[in-house]
Amino acid sequence: MHDWSIPLPPALVEALADQVADRLAERIAPPAEPYIDVDGAAEYLACGKKRIYELKEQQKIAAYEDGRRLLFRRSDLDAYLESS
């Protein structure tokens, strides 16, 4: 049996590992952002539910409707905070 291994400098091994990790990260989709309800949005923004409804009516925050429920994404709430 032959030993066909080739010694590689640690820096080269690290560079190859980084490239493999980058390519894998491109192929793996991030998990879907969960929706939160009005209570969760109010808790996240540290305000009352009435304020959430006002912001939605003023179109300052995006809301998604699921039947009669309003749902929000944290990223949309963050965008509102950053814009105000």
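No lab work stands behind these numbers, since they all come straight from the coordinates. Nothing here was measured: the structure is a model prediction, and the numbers come from that model. Here Cβ is always computed from backbone atoms with ideal geometry, including for glycine, and neighbour counts include all displayed protein chains.
Only the Cβ atoms of Lys and Arg (+1) and of Asp and Glu (-1) were treated as charged; on that basis the dipole of region 35-83 about its Cα centre amounts to roughly 140 debye. Entry note, the chain: relative contact order of 25 percent, from Cα contacts under 8 Å with a spacing of 6+ residues.
If you run the Gaussian network model on the chain, springs between alpha carbon atoms under 10 Å, then out of Gly67, Gly40, Gly48 the most flexible one is Gly67. What the phi angles of region 7-13 give under the Karplus curve with 6.51, -1.76 and 1.60, with θ = phi - 60°, is a coupling list of x, 10, x, x, 5, 5, 4 Hz, glycine and proline written as x. Among the chymotrypsin sites (Phe, Trp or Tyr not before Pro) in the chain, those placed in a DSSP loop whose Cβ has at most 14 other Cβ atoms within 10 Å are Trp4. What you get for the chain, charging only the Cβ of Lys and Arg (+1) and of Asp and Glu (-1), is a dipole of about 480 debye around the Cα centre. Set Lys and Arg Cβ to +1 and Asp and Glu Cβ to -1, take the dipole of the chain about its Cα centre, and tell me which of Ser5, Gly67, Tyr80 lies farthest positive. Farthest towards the positive end: Gly67.
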